[in-house]
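Peer 1: Could you have a look at this structure, given as structure tokens, before my questions?
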Amino acid sequence: MEPREYEELVAKYYQNKGYETELTPYTGDYGVDVIAWKGDERIAIQAKMYGNSQRKVNREAMMQLVGAKEYHECNKAVIATDGECMLDAIEVAKRLNIEILYLDSSMEVILNNDSIVQHDEANMVSEISSPDSGVMSFDEMWKKHIMPLKGQTIECDGLENTIIDVDWGGLKRTTSTGNVGRIKIEEFKYAYNQLVEKGIVERTLINQHAKRCSSGIVLVLAQVPFIEFKNKPKRLCLKKK
């Protein structure tokens, strides 16, 4: 199961409980993946599919969800995950009245897919996957071009990294200086979606969102066949057909 499919699973879970649901756009979701409502209750739900990774939901995710809940004018917040939450994250959730829903990604939820409400703009990225365009959804790109990098040494613009592991939580690497670090998948998703929407994304913009790992993000995404790196200024561009 891919992250977007997990979000759909969460939506179906709430539909089975009598809620109407809405999947937020795959880009610009402002920290909420699913909105569910019934009567006066309106729930902001963040889906974290970490079951097949070593990542755990942290307290930062809980704190961010509170602001996202207010932005989407909801009166309840839920973190849905198939993984685990860190102890301090659970404590923060209790204090901020955030519900934690443990939903196994292998769970079968039988429901008519037509009942899932989606914004039209949600298809801007997640549904673009034709060979003619050379552009695909983030999940598809990650699975097809980034996951196979595991065990490889990659280079770009004089930088070299060895990819130790890749999963749906992010990427673990060894830098050219021998440091071992992990980059969250959300950081890649932000850069990629900016690139797909605008055709170009500068490293300075990535650095504003993902400090200390922008060079790694550029290095990894530059390995994708339809993405190229350009210098002065350092940036990623979609290759022209």
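The values are calculated or read from the model by the stated rules, or taken from the named source; none is laboratory data. From a predicted model like this one, the values you see are computed outputs, not experimental measurements. Neighbour counts are summed over all protein chains in view; Cβ atoms, including those assigned to glycine, are modelled from backbone coordinates with ideal geometry. All accessible areas refer to the heavy atoms of the entire protein, side chains included, with ligands and DNA or RNA removed. Shrake-Rupley method; radii C 1.70, N 1.55, O 1.52, S 1.80 Å.
Residues checked against (1) surrounded by fewer than 17 Cβ atoms within 10 Å (Cβ to Cβ); (2) at pLDDT 85 or above; (3) under 17 Å from the mean Cα position of the chain (by Cα):
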site: Gly28; (1), (2), (3): yes, no, yes
site: Asn52; (1), (2), (3): yes, no, yes
site: Asn58; (1), (2), (3): yes, yes, yes
site: Leu65; (1), (2), (3): no, yes, yes
site: Ala68; (1), (2), (3): no, yes, yes
site: Ala77; (1), (2), (3): no, yes, no
site: Ala89; (1), (2), (3): no, yes, no
site: Val92; (1), (2), (3): no, yes, no
site: Asp120; (1), (2), (3): yes, no, no
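Peer 1: Go through (1) assigned to a helix (DSSP H, G or I); (2) within 23 Å of Val135 (Cα to Cα) and name the single condition Val224 misses.
Peer 2: Only one criterion is unmet by Val224, namely (1).
Peer 1: Follow-up question, since we're still on this one. Restricting to the stretch 1-22, and then to whatever is within 17 Å of the chain's Cα centre (by Cα) and open to solvent by less than 50 Å² (accessible area, probe 1.4 Å), can you tell me which residue is farthest from Trp168 (Cα to Cα)?
Peer 2: So the residue we want is Ala11.
Peer 1: Okay, next question. What is the one condition in (1) in contact with a helix residue (DSSP H, G or I) (Cβ under 7 Å, 6 or more places away or on another chain); (2) in contact (Cβ under 8 Å) with a residue 60 or more places away in the chain; (3) among the small types (Gly, Ala, Ser) that Ser53 does not satisfy?
Peer 2: Here Ser53 clears every test but (1).
Peer 1: Next question. Hey, can you tell me all the residues within the stretch 134-171 that are more than 16 Å from Ser53 (Cα to Cα), within 20 Å of the chain's Cα centre (by Cα), without any contact (Cβ under 8 Å) to a residue 40 or more places away in the chain and outside any helix (DSSP H, G or I)?
Peer 2: Met136
Peer 1: All but one of (1) more than 27 Å from Phe138 (Cα to Cα); (2) open to solvent by less than 10 Å² (accessible area, probe 1.4 Å); (3) assigned to a loop (DSSP other than H, G, I, E, B) hold for Glu73; which doesn't?
Peer 2: The single condition Glu73 does not satisfy is (2).
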